[in-house]
Amino acid sequence: MRATTLTCLSLLLAASCAAGSNFLSPEEAEESSVYGAFLAARYAGASRDMDRSAALYAEALELQPDFELLSQRSFFAALLAGDFELADQAALTSAEGAEDPQLVRLYLDAVALERGDRYEDSPDDPQLGAFARAVQTVMTDWSRAQTRSGAREVAAETLDVSAQVADYGILHKAMLFEAAGQWDRALDGYTSAALNGDMIELATVLQGALLERRGRRNEAIALYRQRVDEDPYPDPEVLYALQRAEAGRRAPRFDANEYAARALYALTRALTRNSPGDYTALFQRLVERVDPEFARNRYSLAQTLESIDMDGEALAIYESLDGTAFETRAEVDAAWLLFTTGRREEALLRAEQLQSDSMDETARLLLADIYRLTDQCDRALPLYASVSETDRSARQRWQPAFFEGICYQQLGDWDSAEARYIQALEYAPDEPRVLNHLGYNWIVFGEHVEEGLDMVRRAAELAPDNGAILDSVGWGLYKLGRYEEAVGYLERAAVASPGNATINWHLGDAYARQGRALEARFSWEHALELDPQPRERTLIEARLEGGIETGPDDIE
């Protein structure tokens with residue numbers, strides 16, 4: 001009967017609108033209220049106001065406590081919002097009869113683990129996929145490994161996970177060896193886990209901390225230093241560990257829940273790489289339920305929430321990371337999030353304060369980027385130069401050199417801009433943005449057009465779905481009079497970046513050169529709808545008025 005409740009409620013609500021609410025019985029009024037709260041909760045969720053969505057689902061659930069769909073929706077909304085009190089309640093009521101029970105069951109396992117409850121393996125459930133079974137295995141193992149004797153028992157068993165997540169199981173097993181006091185096997189496991197790029201930073205932190213606690217501080221410092229030197233922008237926790245070890249401060253120790261959270265976090269990295277989105281955020285929340293103080297997971301969660309347009313929640317997490325290894329990185333990301341969501345003045349003030357308080361290069365690059373994007377290149381250039389001049393490897397230097405070039409070009413100094421682009425290309429010969437920018441400008445200026453076309457073709461091979469790069473190839477072919485080839489690339493560019501005015505203008509010109517007047521006019525008109533730059537607008541309007549021969553061929 002409950003399966004048809006929403007359909008009935010929708011008909012009931014429509015009838016009440018026609019007949020007036022005075023004609024509803026108390027039972028009908030209650031069902032109408034349930035449906036109203038349900039609709040409002042769905043709308044809030046679609047608008048990414050997850051706190052309100054969770055509260056509205058809970059309100060509907062109070063009126064219909066045995067309605068399983070409401071229980072499940074309430075659970076998902078509360079978990080995504082990070083309202084664990086409400087998620088705990090909703091999980092208990094939705095565990096039975098849920099359409100997709102695996103996350104609910106895993107969440108209840110996480111609650112039990114956080115509370116220190118010991119439980120055994122659940123029966124093999126065919127509804128659980130390979131990833132979910134691996135998550136369940138990790139939590140079951142650590143519920144049994146609360147003591148050293150328990151850890152020894154679990155560590156002696158064969159880890160049963162699918163090949164899809166076997167690499168992530170290596171880290172889990174290494175931590176079990178550490179908890180069991182089997183130090184050498186743990187260190188070997190961390191070394192193996194670090195071969196997986198998703199786990200290199202976390203494995204390094206765990207391995208280094210164990211080395212320190214075993215009296216091998218110098219080896220730990222060498223390990224941290226190696227990772228810092230290899231990374232253009234060193235991982236905050238590895239850098240923090242290096243600074244702590246060099247200062248002689250004690251390495252952290254971990255309990256079973258903290259180990260479990262790190263093993264679960266390693267598994268979520270597979271989700272982040274393969275299918276970032278709501279599902280990833282839900283599992284990162286599950287990790288947070290096990291260990292709410294795990295800063296690496298919270299920082300990663302904030303990035304995921306930002307990627308799914310939950311900007312308020314992401315900002316709150318970034319701001320909660322003060323005092324952790326991720327503090328500066330989170331402050332940089334918070335300022336950039338403010339900037340990209342229209343709060344530019346607040347972002348600029350934060351970036352200026354952060355740059356004055358921190359020696360971190362990412363803080364300087366943040367402020368330089370904000371200056372550059374707000375037409376203050378005269379203030380951005382010294383910051384980019386200060387980063388370029390530091391003792392860095394070549395592959396770390398291309399970015400500031402590249403953005404210096406953009407700033408010089410914005411200031412009208414093409415010679416200096418070209419020199420910086422060439423320098424950036426020497427640092428990073430396979431960087432698509434550098435290849436595209438220098439190649440495109442050579443094409444536009446009519447200098448080294450063939451060489452410029454080769455560059456943007458190479459960039460397109462490296463980034464085949466980048467609309468701006470496809471546009472560069474198409475425009476280069478257009479400048480060489482190869483209009484049929486140009487149209488192919490420009491059409492692909494317009495599909496990849498449909499909101500780009502420049503691409504649509506270029507496509508219109510290419511159509512016109514082929515005699516496709518109707519399509520050219522459509523592309524030019526569409527370009528005007530996309531708010532082009534003033535000089536582009538003037539040229540496009542001239543094209544619409546007088547055709548392809550009206551106005552200059554290009555804008556330098």
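The values are calculated or read from the model by the stated rules, or taken from the named source; none is laboratory data. These numbers were taken from a predicted model, which means no experiment stands behind them. For neighbour counting, all protein chains shown are included, and Cβ atoms are generated from backbone atoms with ideal geometry for every residue, glycine included.
Take the stretch 504-556 and flag every residue that is of a type in the set (Asp, Glu) and within 25 Å of Gln409 (Cβ to Cβ). Passing the criteria: Asp509, Asp531, Glu536, Asp553, Asp554, Glu556. Considering only residues that are in contact with a helix residue (DSSP H, G or I) (Cβ under 8 Å, 6 or more places away or on another chain), part of a helix (DSSP H, G or I) and aliphatic (A, V, I, L, M), which ones fall in the stretch 317-353? Correct list: Ile317, Ala330, Val332, Ala334, Ala335, Leu337, Leu338, Ala347, Leu348, Ala351. For the stretch 205-216, the condition of being touching a residue at least 12 places away in the same chain (Cβ under 8 Å) and under 25 Å from the mean Cα position of the chain (by Cα) holds for at least one residue. Within the stretch 494-521, count every residue that is aromatic (Phe, Trp, Tyr) and within 16 Å of Glu536 (Cβ to Cβ). Of the residues in that region, 1 qualify.
When the stretch 434-460 is limited to residues that are modelled with pLDDT under 95 and charged (D, E, K, R), the one that is surrounded by the most Cβ atoms within 10 Å (Cβ to Cβ) turns out to be Arg457.
Listed conditions (1) surrounded by fewer than 20 Cβ atoms within 10 Å (Cβ to Cβ); (2) at pLDDT 85 or above; (3) of a type in the set (Phe, Trp, Tyr) are all met by Tyr107, apart from (1). Restricting attention to the stretch 430-447, does a residue exist that is closer than 19 Å to Leu507 by Cβ, part of a loop (DSSP other than H, G, I, E, B) and not basic (Lys, Arg)? No, the stretch 430-447 contains no residue that is closer than 19 Å to Leu507 by Cβ, part of a loop (DSSP other than H, G, I, E, B) and not basic (Lys, Arg).
Step by step: first the residues of the stretch 93-103, then only those that are under 22 Å from Leu264 (Cα atoms) and of a type in the set (A, V, I, L, M, F, W, C), then the one that is modelled with the highest pLDDT. Which residue is that?
Filtering the stretch 93-103 down to residues under 22 Å from Leu264 (Cα atoms) leaves 95, 100-103.
Within this subset, residues satisfying the condition of being of a type in the set (A, V, I, L, M, F, W, C) are 95, 103.
Working: Ala95: 64, Leu103: 86.
This residue is Leu103.
Quick check on the stretch 302-321. Is at least one of its residues assigned by TED's automatic domain parsing to the domain that holds Gly150, buried (at least 17 other Cβ atoms within 10 Å of the Cβ), within 23 Å of Ala78 (Cα to Cα) and small (Gly, Ala, Ser)? Even if it seems obvious, please write down each step before you answer.
Of the stretch 302-321, the ones assigned by TED's automatic domain parsing to the domain that holds Gly150 are none.
Looking through the stretch 302-321, none of the residues is assigned by TED's automatic domain parsing to the domain that holds Gly150, buried (at least 17 other Cβ atoms within 10 Å of the Cβ), within 23 Å of Ala78 (Cα to Cα) and small (Gly, Ala, Ser).
Would you say Leu187 is modelled with pLDDT of 90 or more and under 19 Å from Thr137 (Cβ atoms)? For Leu187, the condition - modelled with pLDDT of 90 or more and under 19 Å from Thr137 (Cβ atoms) - is not met.
I'd like the residue in the stretch 448-475 that is assigned to a loop (DSSP other than H, G, I, E, B) and of a type outside the set (A, V, I, L, M, F, W, C) and, out of all such residues, is farthest from Gly488 (Cα to Cα). Can you show your working first?
Applying the first criterion (assigned to a loop (DSSP other than H, G, I, E, B)) to the stretch 448-475 yields 448, 463-466.
Checking the rest, the ones that are also of a type outside the set (A, V, I, L, M, F, W, C) come to 448, 464-466.
Values: His448: 23, Pro464: 13, Asp465: 14, Asn466: 14 Å.
Only one residue tops the list, namely His448.
Answer with yes or no whether Gly197 is on the phi > 0 side of the Ramachandran plot and outside any helix (DSSP H, G or I). Steps first, please.
Working: on the phi > 0 side of the Ramachandran plot: no; outside any helix (DSSP H, G or I): yes.
Judged against the criteria, Gly197 is not a match.
The set of residues from the stretch 200-239 being modelled with pLDDT of 95 or more and among the hydroxyl-bearing types (Ser, Thr, Tyr) comprises Thr204, Tyr224. What's the total number of residues in the stretch 154-169 that are closer than 10 Å to Asp141 by Cβ and modelled with pLDDT under 75? The number of residues fulfilling the criteria is 1.
A search for C-beta distances below 7 Å between a residue of the stretch 276-291 that is in contact (Cβ under 8 Å) with a residue 12 or more places away in the chain and among the hydroxyl-bearing types (Ser, Thr, Tyr) and any residue that is buried (at least 22 other Cβ atoms within 10 Å of the Cβ) and part of a helix (DSSP H, G or I), counting only pairs 6+ apart in sequence or on different chains, returns Thr280/Thr268; Thr280/Thr304.
Of the residues Tyr478, Tyr489, which is assigned to a helix (DSSP H, G or I), closer than 17 Å to Ile540 by Cβ and in the same structural domain as Glu536 (by TED's automatic domain parsing)?
On the way: Tyr489 fails: closer than 17 Å to Ile540 by Cβ.
Exactly one of Tyr478, Tyr489 is assigned to a helix (DSSP H, G or I), closer than 17 Å to Ile540 by Cβ and in the same structural domain as Glu536 (by TED's automatic domain parsing), namely Tyr478.
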